[in-house]
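**Student:** One structure is given below, represented as structure tokens, and several questions about it will come after.
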Amino acid sequence: MMDCTNSKRGLARSVREKIRLCIRVVLRRSSLSAESMKPLRRRSLVDDSGAALIEFAVSAAVLFMMLLGVIQVCYALYVYSYVSDAARVATRYAIVRGSNCTGMPDCNATSTQIQSYLRNIPYPGMSANNLTATATWLSVSTTPPTTWTVCATPCRNPGNAVQVQVTYQFPLNIPYWKNATVNISSTSQMVISN
């Protein structure tokens, strides 16, 4: 009995040795290394290699979207500053070009002339085509308290008022977000002096 077991073990050893010998011959002929023939280790489900890269990619996308969103909002505030200045400049342009205006071009300024004047002012970072100006002339009441009513026809007499509303169509572009156009507007009102 003992001899059979030993012979079976000896046979198994010789088969294993023959297989190893064949593998060595194949490896020599194909110039593969023994390292490449090692059995592949199965990756477990809890392996977290590469997780940091994925986390960074997701975090960076959100971070850059927020950063560029903040930059766009700051740019919108910058544009609002220029729109409010444009409203004041347009109102100033209209009050000195009333019905008693002499010696200036564009006396009795209209809403179209005011808009044309504004579009010729080079505001940095703004497109002149997105800028619109609307002028409304107001007449003063004759009895106290002072109230303003909209004139049916432009009443450009000194003592009346002009109100100019300037609107800028601001293109809001935030990555991974819906692109939109935001209307930024400002209104200025002054009394006609000329």
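The values are calculated or read from the model by the stated rules, or taken from the named source; none is laboratory data. Values in this document were obtained by computation on a predicted structure and should not be read as measured data. Heads up, the Cβs are rebuilt from the backbone with ideal geometry, glycines too, and the neighbour counts pull from every protein chain shown.
**Student:** Please specify each residue of the stretch 124-150 satisfying the condition of being hydroxyl-bearing (Ser, Thr, Tyr), over 15 Å from Ser185 (Cα atoms) and not in a strand (DSSP E or B).
**Tutor:** Hits for the stretch 124-150 are Ser141, Thr142, Thr143, Thr146, Thr147.
**Student:** Here are Thr134, Thr91: which of them is among the β-branched types (Val, Ile, Thr), farther than 17 Å from Asn183 by Cβ and in contact (Cβ under 8 Å) with a residue 24 or more places away in the chain?
**Tutor:** Only one candidate qualifies: Thr91.
**Student:** What about Pro154, is it part of a loop (DSSP other than H, G, I, E, B), touching a residue at least 24 places away in the same chain (Cβ under 8 Å) and either within 30 Å of Ala76 (Cβ to Cβ) or not polar (S, T, N, Q) (or both)?
**Tutor:** In short, yes.
**Student:** When you go through Ala51, Ala109, Ala128 one by one, which is the residue that is loosely packed, with under 10 Cβ neighbours inside 10 Å and within 41 Å of the chain's Cα centre (by Cα)?
**Tutor:** Among Ala51, Ala109, Ala128, only Ala51 is loosely packed, with under 10 Cβ neighbours inside 10 Å and within 41 Å of the chain's Cα centre (by Cα).
**Student:** Would you point out which residue out of Ile121, Ile114 is out of contact with any Pro (no Cβ under 9 Å at 6 or more places or on another chain) and surrounded by 16 or more Cβ atoms within 10 Å (Cβ to Cβ)?
**Tutor:** Among Ile121, Ile114, only Ile114 is out of contact with any Pro (no Cβ under 9 Å at 6 or more places or on another chain) and surrounded by 16 or more Cβ atoms within 10 Å (Cβ to Cβ).
**Student:** Would you confirm whether or not the stretch 158-177 contains a residue that is of a type in the set (A, V, I, L, M) and exposed (fewer than 14 other Cβ atoms within 10 Å of the Cβ)?
**Tutor:** Looking for residues that are of a type in the set (A, V, I, L, M) and exposed (fewer than 14 other Cβ atoms within 10 Å of the Cβ), one finds none in the stretch 158-177, hence no.
**Student:** Give just the number: which of (1) in a loop (DSSP other than H, G, I, E, B); (2) loosely packed, with under 14 Cβ neighbours inside 10 Å does Ile71 not satisfy?
**Tutor:** Going through the list (1) in a loop (DSSP other than H, G, I, E, B); (2) loosely packed, with under 14 Cβ neighbours inside 10 Å, Ile71 breaks only (1).
**Student:** Got at least one residue in the stretch 94-107 being in contact with a Phe, Trp or Tyr (Cβ under 9 Å, 6 or more places away or on another chain) and in a helix (DSSP H, G or I)?
**Tutor:** Yes - at least one qualifying residue is present in the stretch 94-107.
**Student:** Another one. Return only the number of the condition from (1) closer than 26 Å to Leu68 by Cβ; (2) at pLDDT below 90 that Ser99 does not satisfy.
**Tutor:** Failing condition for Ser99: (1).
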